[in-house]
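Values quoted throughout were computed directly from the atomic coordinates according to the rules given, and no laboratory measurement underlies them. Keep in mind it's a predicted model, so treat the numbers as computed, not measured. Here the Cβ positions follow ideal geometry from the backbone for every residue, glycine too, while neighbour counts run over all protein chains shown.
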Amino acid sequence: MRVFVTGATGWVGSAVVQDLLAAGHHVAGLARSAAGADRLAATGAEVVGGSIEDIEVLKAAARRADGVIHTAFNHDWSRLAENCAADKRAIEVLGTELEGSERPLIVASGVVLLAPGRLATEADAAPPVTAAFPRASEAVVLDLRERGVWATTVRLAPTVHGVGDHGFVPRLAGIARDRGVAAYVGDGRNRWPAVHRLDAARLFRLALEDPAEGPFHAVAEQGVALKDIAEAIGRQFDLPVVSISPDEAAEHFGWFAPFAGIDAPASSERTRAILDWNSEQPGLLEDLARPDYFSR
């Protein structure tokens, strides 16, 4: 297949590109910088220059593709509303170009806000789009499906780990180093689902190759306790591990406090059954024990 991948130089997207190429697919990847384009070209993928805001670029690339995987998203939290609007528009454009065909569109989303406090499953609907939660990726996918587009969602665990990680865990580690303690909230039993980057990439490919109705959950571990993660960070940086009360969390963690305190376990049982997907890479705590985990 000729597959167009947005976010092709990002943390998840670059792994998706590598997995697709290894499986024999032709990949055209979106790259918005010269450095990103060089890295992408070095993998053997075709480079499509531009960003998700370049509508005509998206149209042309989707028109030439046998399938599209959309992993791009700008994680600048200070511009969340604008970034969500750009994401929504990009998915609409890609879906419109695929309309009237059986070419699949696989869109990245997340599990973390599906059902805080209980085990989320693929049957749970995404939160409604509001000013507080402006990300509309799953809502757009549902609209596209009603128009006959073969669109589906791969929901990523909040912790997509691997050496070179720059997501949730490194943010927690950065706060720990700044504060001089590796902290968790309360008893630290709140849980983050986790998946290795390479396992997540393979799931995107499986969803593309054997289109089935999603959403699918890229979740290898249903929930890793935040206390265990804090202890792993403490060992890596030789820091004391402490409990922070819920009242102290905002001051200690800043804008990251809601994520540090959320309990968001998630299942991937349906995903595993339908796509015959299983994790093959190390779990989160095993990964965090690697001496080079935080070296990049």
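DSSP beta bridges fully contained in the chain are about 10 percent antiparallel. Helix 11-22 and the longest principal axis of the Cα set of the chain meet at an angle near 50°. The charge dipole of the chain, taken about its Cα centre with unit charges on the Cβ of Lys, Arg, Asp and Glu (plus for the first two, minus for the last two), comes to roughly 280 debye. The magnitude of the dipole of the stretch 138-252, with charges of +1 and -1 set on the Cβ of Lys/Arg and Asp/Glu and taken from the Cα centre, is near 220 debye. Calculated over the stretch 179-262, the projected area of the Cα convex hull averaged across directions stands at 6.7 nm².
By the beta-carbon count within 10 Å of each Cβ, the least crowded to most crowded order of His25, His161, His166, fewest first, is His166, His25, His161. Ranked by how many other Cβ atoms sit within 10 Å of their own Cβ, fewest first, the residues Arg205, Arg79, Arg155 fall in the order Arg79, Arg205, Arg155. Once the Cβ-Cβ distance of Arg290 and Glu248 is raised to the sixth power relative to R0 = 35 Å, the FRET efficiency obtained is 0.70.
Each 5 Å bin, from zero up to the one with the longest distance, holds this percent of the alpha carbon pairs of the stretch 28-93: 3, 17, 26, 25, 18, 9, 3, 0. Comparing Gly180, Gly214, Gly261 in a Gaussian network model of the chain (Cα springs below 10 Å), the most mobile by mean-square fluctuation is Gly180. Positive end of the dipole of the chain (Cβ unit charges, origin at the Cα centre): among His25, Gly49, Ala86, the Cα lying farthest that way belongs to Gly49.
I want the local charge near His26. Using Cβ-Cβ distances under 11 Å, sum +1 for each Lys or Arg and -1 for each Asp or Glu among the other residues. Provide the component values of the computation, followed by the final result.
Working: positive: Arg2, Arg64; negative: Glu46, Asp66.
Net charge around His26: 0.
Residues in the stretch 197-207 carry Karplus couplings, in order, of 3, 6, 5, 4, 4, 5, 5, 4, 5, 4, 5 Hz; the curve used is 6.51 cos²θ - 1.76 cosθ + 1.60 with θ = phi - 60°, and Gly or Pro positions show x. When only the Cβ of Lys, Arg, Asp and Glu is charged (+1, +1, -1, -1), the dipole of the stretch 92-206 relative to its Cα centre reaches about 540 debye.
P(r) for the chain, from all Cα pairs and a bin width of 10 Å, is 7, 28, 35, 22, 7, 1 %, short bins first.
Sort Ser109, Ser267 so the one with the fewest other Cβ atoms within 10 Å of its own Cβ comes first. Intermediate results must be reported in sequence, preceding the final value.
Working: Ser109 23, Ser267 19.
By the 10 Å Cβ count, ascending: Ser267, Ser109.
Using every pair of separate Cα atoms, the Kirkwood estimate puts the hydrodynamic radius of the stretch 121-187 at 15.3 angstrom. Per the Debye formula on identical point scatterers at the alpha carbon atoms of the stretch 1-149, with no solvent, log10 I(q)/I(0) at q = 0.10, 0.19, 0.21 Å⁻¹ is -0.35, -1.18, -1.35.
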